[in-house]
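Asks: I am attaching a structure below and will ask some questions about it afterwards.
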Amino acid sequence: MAIDTKEQFSTVYRTNYAAVLAYLRRRSELETSEDLAAEVFLRAWRRKSTCHGEPLPWLYGIARNVLLEHYRGRQRREAAVMQAEAKAAAELQLEQTSPERGPKTVVAAALDIRQALSELSETDREVLTLYTWENLGYEELATVLDISAATARVRVHRARKRLAEIVEKESNV
């Protein structure tokens, strides 16, 4: 079936939304399945001229690709979180200067780093994640944030300091 008009696409949407959503719910988290379904139909609309034959298998193909991208992104994010946790723990360990701060404190800090990151402002979290997770240098970070490299360096320094303060505060509780 060719999809040439908005009305034809609306019919395809109404007819197949429930099936596509069920497909996605069986393969993803319940909370994200509706967002994934929206992405499927957005892509379907953009590529409606590529539908030849029955629309449901075509939609399933699009849904499969959306799911694959979703899971690849999630794996990258999880790997980045683990990398950031390890890097932050290593940086905190290097900053350990007093003898009363031993390995237990460092381990606790590493375990609490995700919580500490969530307590940072969105701006600080973005700066640290771009710098640490995406492995951007100050020049690249400056390009992303549309600031100077010197400002990027200062923002990273301040965000690291705030993160260390949060970790310190939580480890003293």
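The values are calculated or read from the model by the stated rules, or taken from the named source; none is laboratory data. This one's a predicted model, so the numbers in the text were calculated from it and none came from an experiment. Please note: Cβ atoms are built from the backbone with ideal geometry, for glycine as well, and neighbour counts cover all protein chains shown. Ligands, DNA and RNA are excluded from the accessible area calculation, which covers all protein heavy atoms including side chains. Shrake-Rupley method; radii C 1.70, N 1.55, O 1.52, S 1.80 Å.
Asks: Hey, does segment 65-82 have a residue that's at pLDDT 80 or above, within 15 Å of the chain's Cα centre (by Cα) and of a type in the set (S, T, N, Q)?
Replies: Scanning segment 65-82, I find no residue that is at pLDDT 80 or above, within 15 Å of the chain's Cα centre (by Cα) and of a type in the set (S, T, N, Q), so the answer is no.
Asks: Quick one: in segment 1-54, which of the residues that are among the aliphatic types (A, V, I, L, M) and at pLDDT below 90 is most open to solvent (accessible area, probe 1.4 Å)?
Replies: Leu30
A quick yes/no check of all residues on (1) under 21 Å from the mean Cα position of the chain (by Cα); (2) over 23 Å from Glu119 (Cβ atoms); (3) among the aliphatic types (A, V, I, L, M); (4) buried (at least 18 other Cβ atoms within 10 Å of the Cβ):
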residue	(1), (2), (3), (4)
Thr132	yes, no, no, yes
Leu136	yes, no, yes, yes
Leu141	yes, no, yes, yes
Leu145	yes, no, yes, no
Ala150	no, yes, yes, no
Val156	yes, no, yes, yes
Ala159	yes, no, yes, yes
Leu163	yes, no, yes, yes
Glu170	no, no, no, no
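Asks: Condition first: without any contact (Cβ under 8 Å) to a residue 60 or more places away in the chain and hydroxyl-bearing (Ser, Thr, Tyr). Now tell me which residues in segment 114-173 satisfy that.
Replies: Selection gives Ser118, Ser121, Thr123, Thr129, Tyr131, Thr132, Tyr138, Thr143, Ser148, Thr151.
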